[in-house]
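The values are calculated or read from the model by the stated rules, or taken from the named source; none is laboratory data. Model, not experiment: these values are computed from the prediction. So basically every Cβ, Gly included, is an ideal-geometry build from the backbone, and we count neighbours across all protein chains shown. Areas reflect the complete protein model, heavy atoms only, side chains present, ligands, DNA and RNA absent. Shrake-Rupley method; radii C 1.70, N 1.55, O 1.52, S 1.80 Å.
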Amino acid sequence: MIFKAILRNNKPGYGQVTVPFPIPDSEYDHTIALLEDMDIGSPTAQDCRVDGLDGSYPILDQLVTQTVNVDELDYLAKRLDSFCQGEIEKFQAMASKLCLSDIKDFINLTFCCQQATVITDFTDLERIGKDHALTVCGDSMSMEMIERVGGRTVALDLIQRGIGVVTPYGVVYDNGMKLEPLYDGRYFPAYLYGLPQLGIEIKAGQDGTAAGFLCLPCSDKQVQRTLERAGSGGQGFHMEVTMDSLPQQVSSVISLTRDGLDELNALCRAIAPLNAEQREKLDAVVLLARPECASEVCQLAENLDQFDFVPKSDRPEADSALTELGYVAYHGSLTLEELMMENPAEQYQQEQEMGGMA
């Protein structure tokens, strides 16, 4: 958790609710339902008044008394959740220097504050100089080049130029940083948070303008809200997979033109808990069963315990089919075709009942 926010409706007659950010996926639907009961929590409108903030970013107290969108708070917290201590110092110092108070500016600052230099302790000039050189040159500096930097000389030159600005979070040097409007108040820039199985970008218009981004698996409510934020419930938009960490054979089956977001989300949710061996086993099962869509692969993933798998290097004693990855044996009561149906348990019950009547 990065911070807790006390939120309420600006209209009289409503209470308050305290929400942790980032909102855990398991709590997202419940949290949105609580907000909706207070007539706030819109996917697009800034309708949540911030009555208080509690967290490790005092600079965000600037948001208190403001009205913001709940997903803006969630996105900002996710961005900050990846920050190291140095980035935390840079974010707060630059926000103070620029006198930022709007959540849109705070979100955009997360994408560029890394360019700044902040000095909180002047006792180690060698380290300060090397850190500054690395900040300015970025990834273009090798470890050998960093070692050759005269850190003390660089630090003294920086300090003596008198271009630093004193803030409650240290002396900050912006190094020419520009606050670019990557977040325009509507569409969040693509950002991979957590350990997603799929990253899907929603694009609009003939020019393919980015209109939304999803990390799957996520809450079903979050899928709906992202489409609403993109506009028209996602109609008239097309989608592209920009990140795919699904097992190889699973990836070869799914299709954005055929599989819906709900089916893909359910598939990613079924695969996310699998370890490396289980993912290899699922790939082998896919080769055996030859599913044709995401929902069928999802059924296989959810019923993986009905298959035995032995890597190709080991020959099993039981009867099994040889796939590219190894030997797979299915020992379930349904046929593979029945197993891959949406409700295999119901199908089995119906067959048992019909058999009993016969």
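What the table below lists for this structure:
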item: D_trans [Stokes-Einstein, Kirkwood Rh over alpha-carbon pairs] for the chain, 25 °C, 0.890 mPa s, µm² s⁻¹; result: 102
item: Positive minus negative residues near Lys97 (Lys, Arg vs Asp, Glu; Cβ under 14 Å); result: -1
item: Equivalent-ellipsoid semi-axes of the stretch 221-292, from the Cα gyration tensor, Å, largest first; result: 27, 13, 10
item: Per-residue [θ]222 nm for the chain (sum of -39500 (n - 2.57) over DSSP H runs n ≥ 4, rounded to 500); result: -12000 deg cm²/dmol
item: Ellipsoid equivalent to the stretch 1-137 - semi-axes via the Cα gyration tensor, in Å; result: 34, 14, 12
item: Neighbour net charge for Met38 - beta-carbon separation under 13 angstrom, K R +1, D E -1; result: -2
item: Angle in degrees between helix 220-230 and the longest Cα principal axis of the chain, rounded to the nearest 10; result: 60
item: Gyration tensor (Cα) of the stretch 181-258, equivalent ellipsoid semi-axes in angstrom; result: 21, 15, 12
item: Gaussian network model of the chain, Cα within-10 Å springs - most flexible of Gln249, Gln160, Gln222; result: Gln160
item: Alpha carbon convex hull of the stretch 72-136, volume per residue in cubic angstrom; result: 79
item: GNM flexibility winner over the chain from His331, His238, His132 (Cα, springs under 10 Å); result: His331
item: Tail weight of P(r) past 21 Å, computed on alpha-carbon pairs of the stretch 1-66, percent; result: 20
item: Rounded to 10°, Cα long-axis angle of helix 344-357 versus longest principal axis of the chain; result: 20
item: Descending principal axes extents, the stretch 77-225, alpha-carbon based, whole Å; result: 54, 36, 29
item: Share of alpha-carbon pairs per 10 Å distance bin for the stretch 145-206, given as whole %; result: 14, 25, 23, 22, 15, 1
item: Gaussian network model of the chain, springs between alpha carbon atoms under 10 Å - residue of Ser140, Ser96, Ser26 with greatest fluctuation; result: Ser140
item: At q = 0.11, 0.16, 0.22 Å⁻¹, base-10 log of I(q)/I(0) for the stretch 174-304 (Debye sum, equal scatterers on each alpha carbon); result: -0.43, -0.80, -1.28
item: Length gained when the stretch Asp105-Asp308 is fully extended (0.36 nm per residue, less Cα-Cα span); result: 67.7 nm
item: Accessible surface of the chain [probe 1.4 Å, protein heavy atoms]: carbon and sulfur percent; result: 48
item: Surface accessible to a 1.4 Å probe, per residue, for the residues of the chain, Å²; result: 51
item: Under 14 Å, Cβ to Cβ, from Tyr169 - net charge with Lys/Arg +1 and Asp/Glu -1; result: -3
